[in-house]
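The values are calculated or read from the model by the stated rules, or taken from the named source; none is laboratory data. Please read these numbers as outputs of a predicted model, since none were measured by experiment. All Cβ positions, even for glycine, are placed from backbone atoms using ideal geometry, and neighbour counts span all protein chains on display.
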Amino acid sequence: MSLVSLPVFGFLVATVLLYWGVPGRGRVWVLLAAGALFAVGQATIFLPLYVLLAGVTWVVAGRLAARRRVGRSIRVGFVAMLSVLVVNLLAWKVFEIPAHTAIAAAPELSRLAFPGYADIFIPVGLSFLSFRLIHVLVERTRGRRPEFRAAPVSYLLAYLFFPPLWIAGPLQRFEDFSRQLRAARRPGLAELNHAAIRITSGLVKKLLVADALGRWAQPLLLQPDTTDPVTLACAVYAASLQLYMDFSGYSDIAIGLGRLFGIQVPENFDWPILATDIATFWRKWHITLHTFFRDYVFLPLFGTRPRPWKTYLGFMVTIFLFQIWHQLSWTFLFLGLFHGVGVVGVHAWRSTRRRAPTLHRWVARTPTPLAIWITFTWFSIGNIVFMTDPMQMWTVLARLLCL
């Protein structure tokens, strides 16, 4: 998580001071320069690829919008541009598999085989860049929002390379970002106080809580036979809490840094660990990515009121994609199926309310703490795979059940 490194944090604070030290029209160029430097520092050789994708997407979307306004067909052009973004991301994800294997097996030799990559398996930030570009392509082509017609390309690049959000989000929408950028005012005492609280809470979550839990829990998950089942169960829950604290802490830091620039970044977590079912859990986890898949995958492909079987298929596809965008590996293929089945099961159960009202009333009496524990346990079982691999999960579960 790069935002917690002292040099990067210092760089961003210096950028904030420079940002407010120049006239209003020059601020976007400060963001552009800082974003470019940040991108170069994270993934040096890939910046031309990022800029090329951004430029092509912006131009193509603009031309498609113009064709749409005069009633001409845009289907072929839109599908072609969307395919470029998706296939490019998929190609790098596929490349990650042999690159990861080669680098893990022989780091020095693999640097010769894959020059310029070092320990980077795919272009850093490419996933979130691709998601933002898909959002820009869809909304600019629709032509419904004035921000996509009036904003210069400098605003697009500032949006794409805004340092606090570049690597892991949250996924802010372009119209929201550009509107705030135009109207940005120096943060007052209340905003500075809010930013300080969010940044501090994020650092505490990440550095003091998440890292400590990870250092204790992961060795036990990798070698479950070295400890007793009770301690191992504690490690399973600790690993899940570590993942939540790590990711939500990073989002807190990004939100706080955004406030320093006068940008209100959307919330990304709503206490998912207190959810009472797994479907609600995933609506509260990485909220901005969840809404992205809802708006650009579920609704376009499966509609607003599809038939039950199509609804369940939509949930399955959406949760599956929500998982495998991390990496094309057996771990995330398993997690996509595991959590997809869980979400579909919750919605299928809800659909039986009229057919089995008595059973639903009985289940509704389940104490909230018990429902939270069941939900978090489901997530934690899947998280064993995230922290290790699918085969290791069965070893851990066998040890927990004393088999």
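Among the residues of the range 203-239, which ones are β-branched (Val, Ile, Thr), more than 14 Å from LEU397 (Cβ to Cβ) and modelled with pLDDT of 90 or more?
Step one: filter the range 203-239 for residues β-branched (Val, Ile, Thr), giving 204, 209, 226-227, 230-231, 236.
Still in the running and more than 14 Å from LEU397 (Cβ to Cβ): 204, 209, 226-227, 230-231.
The answer is VAL204, VAL209, VAL230, THR231.
You will find that of THR231, THR200, the residue that is over 27 Å from ALA158 (Cα atoms), over 19 Å from the mean Cα position of the chain (by Cα) and among the polar types (S, T, N, Q) is THR231 and no other.
State which residue pairs qualify: first residue under 14 Å from ILE278 (Cβ atoms) and inside the range 359-373, second residue modelled with pLDDT of 90 or more and not in a helix (DSSP H, G or I) in any location, beta carbons under 6 Å apart, and separation of 6 or more residues or different chains. If the second residue must be modelled with pLDDT of 90 or more and not in a helix (DSSP H, G or I), the pairs left are ALA371/THR276; ILE372/THR276. State whether the residues of the range 144-162 include one that is within 19 Å of ASN268 (Cα to Cα), surrounded by 15 or more Cβ atoms within 10 Å (Cβ to Cβ) and charged (D, E, K, R). No, every residue in the range 144-162 fails to be within 19 Å of ASN268 (Cα to Cα), surrounded by 15 or more Cβ atoms within 10 Å (Cβ to Cβ) and charged (D, E, K, R). The residue that is nearest to ASP389 (Cα to Cα), counting only those in the range 207-233 that are part of a helix (DSSP H, G or I) and hydroxyl-bearing (Ser, Thr, Tyr), is THR226. Among the residues of the range 383-391, is there at least one that is of a type outside the set (Gly, Ala, Ser), crowded, with 16+ Cβ neighbours inside 10 Å and part of a loop (DSSP other than H, G, I, E, B)? Checked the range 383-391: at least one residue is of a type outside the set (Gly, Ala, Ser), crowded, with 16+ Cβ neighbours inside 10 Å and part of a loop (DSSP other than H, G, I, E, B).
Helices (runs of 4 or more DSSP H) fully within the range 268-357 that include at least 1 residues being under 27 Å from PRO164 (Cβ atoms): 278-284, 287-293, 308-324, 330-350. Among residues of the range 354-363 being surrounded by 10 or more Cβ atoms within 10 Å (Cβ to Cβ) and not β-branched (Val, Ile, Thr), the one that is nearest to the chain's Cα centre (by Cα) is HIS360. Tallying residues that are of a type in the set (A, V, I, L, M, F, W, C) and more than 20 Å from the chain's Cα centre (by Cα) within the range 157-186 yields 3. Take PRO272 and decide whether it is touching a helix residue (DSSP H, G or I) at 6+ places or on another chain (Cβ under 9 Å), surrounded by fewer than 20 Cβ atoms within 10 Å (Cβ to Cβ) and within 24 Å of ALA195 (Cβ to Cβ). Considered against the rule, which asks whether it is touching a helix residue (DSSP H, G or I) at 6+ places or on another chain (Cβ under 9 Å), surrounded by fewer than 20 Cβ atoms within 10 Å (Cβ to Cβ) and within 24 Å of ALA195 (Cβ to Cβ), PRO272 comes out as no.
Comparison of GLY262, GLY256 shows that the only residue that is on the phi > 0 side of the Ramachandran plot and either in contact with a Pro (Cβ under 9 Å, 6 or more places away or on another chain) or polar (S, T, N, Q) (or both) is GLY262. The condition of being surrounded by 12 or more Cβ atoms within 10 Å (Cβ to Cβ), closer than 22 Å to ALA235 by Cβ and touching a Ser or Thr at 6+ places or on another chain (Cβ under 8 Å) holds for THR375.
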